[in-house]
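Data first, discussion second: the structure below is written as structure tokens.
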Amino acid sequence: MHPISIIPATIHQELAIAIGPDRIYDALLSAKAFTARSGGAPATIDPTEGGAFSLFGGHITGRNLELLPYQRIVQAWRAKTWREGDFSIVKFVLVPEGTGTQIVFDHVGFPPGEQEHLEKGWHENYWNPLKRTLEGAHG
């Protein structure tokens, strides 16, 4: 008998933002900025390694696993609707490109059937508001 291997679903997204990595890093870890970007949905973020966060009024919760200032953020991340104890891992890598930044994003370990919803959600709830607020404030 051959063992069955299950390859977990992953999300990999890349996008360019015309703002430096320092401002993007700070915006991703600022509760005030996150609340403003999400249309006022409450957010709390402890911007330290090991610090907890709660986004969109508690719909998303987790902890910062690794923080490499202005370069990388790794988080244990979960949605309120998931089974108790289920966490996924999200990683934001910020690569300087000229005066802007290339964000390389990976999300792994989420429950089966969530990929399409999450892929869409990252664009609607993270990337589009981030670009709108940071690039809009810049230009």
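Placing unit charges on each Cβ (+1 for Lys and Arg, -1 for Asp and Glu) gives region 32-139 a dipole about its Cα centre, and among Phe105, Leu65, Gly40 the Cα reaching farthest toward its positive end belongs to Gly40. Converting phi to 3J(HN,Hα) with the Karplus coefficients 6.51, -1.76 and 1.60 and the offset θ = phi - 60°, region 93-110 yields 10, 10, 10, x, 9, x, 8, x, 9, 9, 8, 10, 10, 9, 10, 10, x, 7 Hz in sequence order, with x at every glycine or proline. Our coupling estimate for region 16-30, obtained by passing each phi through the Karplus curve with A = 6.51, B = -1.76, C = 1.60 and θ = phi - 60°, is 9, 10, 7, 9, x, x, 4, 6, 5, 4, 4, 5, 5, 10, 9 Hz, Gly and Pro reported as x.
The base-10 log of I(q)/I(0) for region 63-105, evaluated at q = 0.18, 0.27 Å⁻¹, reads -0.58, -0.90 [Debye formula, identical scatterers on Cα atoms, solvent excluded].
Counting only lysines at least 8 places from Lys131 when in the same chain, those with an alpha carbon closer than 24 Å to its own are Lys32, Lys91, Lys120. Extension gain, Val108-Trp82: 0.36 nm per intervening residue step, less the Cα-Cα distance, totals 7.9 nm.
Legend: calculated FRET efficiency, Glu49 to Glu116, from the Cβ-Cβ distance at R0 = 22 Å, rounded to 0.05, equals 0.10.
Applying the Karplus relation 6.51 cos²θ - 1.76 cosθ + 1.60 with θ = phi - 60° to region 77-82 yields 3J(HN,Hα) values of 9, 8, 9, 4, 7, 6 Hz, where x marks Gly and Pro.
Readers should treat all values here as calculations from the given coordinates under stated rules, not as data from a laboratory. Just so it is clear, the structure is predicted and the values come from calculations on it, not from any experiment. Methodologically, a virtual Cβ is constructed for each residue, glycine included, from the backbone with ideal geometry; neighbour enumeration extends over all protein chains shown.
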